[in-house]
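The structure appears right after this line, and notes come after that.
The values are calculated or read from the model by the stated rules, or taken from the named source; none is laboratory data. Given the structure is predicted, the values throughout are model-derived calculations rather than measurements. Cβ atoms come from the backbone with ideal geometry, glycine included; neighbour counts cover every protein chain shown. Side chains are part of the model used for accessible areas, which takes the heavy atoms of the whole protein and leaves out ligands, DNA and RNA. Shrake-Rupley method; radii C 1.70, N 1.55, O 1.52, S 1.80 Å.
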Amino acid sequence: MGIEQRLSVECNCLLNQTQLQSLELLVLNNMELQSLLESEYLENPMLEYTGSKSAVMGEERFSDLRDIPVYDRQEAGVLIKEQLNMEIYTKAEQRVMNALILCLDGKGYFTESIDDIAELLQVDTKLVMSCLDHLKELEPAGIFASDLKECLLIQLHRLGICDEILEDMITYHLEDISKGRIGTITRALGISSVQTKKYVEFIKKMEPVPLAGVGMQKSEYIVPDIICRKRDGKWEICMNDEWVGNYEINDYYVRMYQRAEDEELKLYFKKKLDKARFIINSIEQRRRTILKVTEQILDAQADYFEGKGGLKPLKMEDIASALGIHVSTVSRAIRNKYMEYSGGILAMKDVFVSGVGTGGDTKSVIQIKERIRNLVEEESKKVPLSDQRISEELKKDKIQLSRRGVAKYRQEMGIPSSMERQERD
């Protein structure tokens with residue numbers, strides 16, 4: 001047997017670490033991307049935040065998001081009184097406290113005039129102040145504060161944190177925080193920009209609305225990643241991420257890097273600069289990919305988005321082929337993403353027909369959800385349909401969906417269970 005040598009050349013296309021990280025960014029939805037940017041901003045001096053109304057961290061942000069009353073007045077009163085042993089207070093004190101509770105605004109703040117309350121109740125001003133001080137000691141921390149500054153300081157002291165810099169930042173620099181003026185705070189307090197950013201992040205995570213969610217079930221809000229509008233017969237597509245443009249390379253630290261003579265410091269700055277540039281470039285690439293995928297989806301499902309018909313059979317492979325990209329890229333681009341159009345907000349994955357159905361009558365996830373919603377709306381409120389009954393009704397429409405499948409879709413649409421939907425006399 002002869003020994004034969006062969007030269008075989010194989011070309012393997014392997015993704016390098018940079019490409020993998022770029023693909024990881026593509027998977028993130030806008031909220032997750034914002035969280036990543038904020039985290040990198042805190043650690044990377046080369047990344048500068050220039051400020052945005054939609055992402056400010058101070059009083060403006062809190063008032064913008066929380067102007068609507070967020071608590072049930074009756075339940076808030078119960079929560080407060082449960083913490084008070086009314087028997088240890090005089091009749092006058094009880095009367096004043098009840099009045100103060102009724103004066104809470106929609107955020108859990110007390111903004112009325114103490115003198116006016118005293119005059120109205122015909123009691124001494126000192127008594128009103130004393131009762132208010134007692135109420136400020138209750139949970140949740142910050143309740144009965146006069147404004148955001150006092151609310152945050154109460155929370156800080158309740159946590160047992162004695163940090164003069166943090167207190168000064170809350171007391172004197174909330175407006176600077178809201179405007180993104182990191183440099184102003186840094187110079188005023190004599191600390192580094194990295195320290196300032198960490199303090200700002202800590203403040204941002206504090207609760208600006210003491211009674212947020214009291215008496216209400218926690219709601220989850222879907223924030224669309226892409227917004228689509230039809231104007232003059234053409235689709236206008238934009239990413240719902242204006243805040244991204246507020247992250248830039250910090251020129252001050254770039255100049256410091258260029259002038260640095262210490263090799264270790266120079267290497268540190270170079271790594272941070274490379275990371276910042278990579279993130280900014282990858283985000284722009286992510287934006288282009290998602291917009292192109294969305295454009296193809298709108299074209300392929302034009303009848304549905306224009307309200308002229310249902311969804312047509314569509315696979316991710318179809319979009320990938322049209323754009324000349326890998327199907328996995330399409331999968332990453334639509335994962336956990338939501339798009340808004342004139343008909344509402346929907347998950348991008350739902351525009352692809354899932355193949356649920358029999359006899360050639362294939363239904364999309366959206367169509368199945370619409371059918372489930374219609375069944376629930378038409379049901380008897382005294383005897384609502386169980387998930388099993390809904391599954392049986394769907395079979396009449398040639399939709400094979402198990403009870404568990406019904407439960408999953410029902411929960412995704414925020415529809416309560418049959419027991420919760422039942423109206424009782």
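Here LYS266 meets each of (1) open to solvent by 20 Å² or more (accessible area, probe 1.4 Å); (2) assigned to a loop (DSSP other than H, G, I, E, B) with one exception, condition (2). Could you run through the stretch 254-279 and say how many residues are under 21 Å from GLY180 (Cα atoms) and in contact with a Phe, Trp or Tyr (Cβ under 7 Å, 6 or more places away or on another chain)? Matching residues across the stretch 254-279 total 1. Here ILE185 fulfils each of the conditions (1) at positive phi; (2) touching a His at 6+ places or on another chain (Cβ under 6 Å); (3) of a type outside the set (D, E, K, R) apart from (1). Consider LEU385 carefully, then state whether it is surrounded by 14 or more Cβ atoms within 10 Å (Cβ to Cβ), in contact with a Leu (Cβ under 8 Å, 6 or more places away or on another chain), modelled with pLDDT of 90 or more and over 25 Å from TRP235 (Cα atoms). The answer is yes for LEU385. Only helices (runs of 4 or more DSSP H) whose full extent lies in the stretch 135-239 are considered here, and the ones with at least 2 residues that are open to solvent by 20 Å² or more (accessible area, probe 1.4 Å) and at pLDDT below 90 are 174-179, 182-189, 193-204. One residue is enough: does the stretch 278-299 have a residue meeting the conditions surrounded by fewer than 18 Cβ atoms within 10 Å (Cβ to Cβ), closer than 25 Å to TYR409 by Cα and at pLDDT 90 or above? No, every residue in the stretch 278-299 fails to be surrounded by fewer than 18 Cβ atoms within 10 Å (Cβ to Cβ), closer than 25 Å to TYR409 by Cα and at pLDDT 90 or above. Scanning the stretch 369-388 for residues that are in contact (Cβ under 8 Å) with a residue 12 or more places away in the chain and assigned to a helix (DSSP H, G or I), which turns out nearest to GLU423 (Cα to Cα)? Checking each candidate, the answer is VAL376.
The set of residues in the stretch 25-65 being part of a loop (DSSP other than H, G, I, E, B) and modelled with pLDDT of 80 or more consists of LEU28, ASN29, ASN44, PRO45, MET46. Pick from the stretch 254-263 the residues that are open to solvent by 70 Å² or more (accessible area, probe 1.4 Å) and assigned to a helix (DSSP H, G or I): which of them is farthest from MET46 (Cα to Cα)? Only one residue tops the list, namely GLU263.
Across the stretch 401-425, the number of residues qualifying as in a helix (DSSP H, G or I), under 16 Å from PRO384 (Cα atoms), without any contact (Cβ under 8 Å) to a residue 24 or more places away in the chain and within 30 Å of the chain's Cα centre (by Cα) comes to 3.
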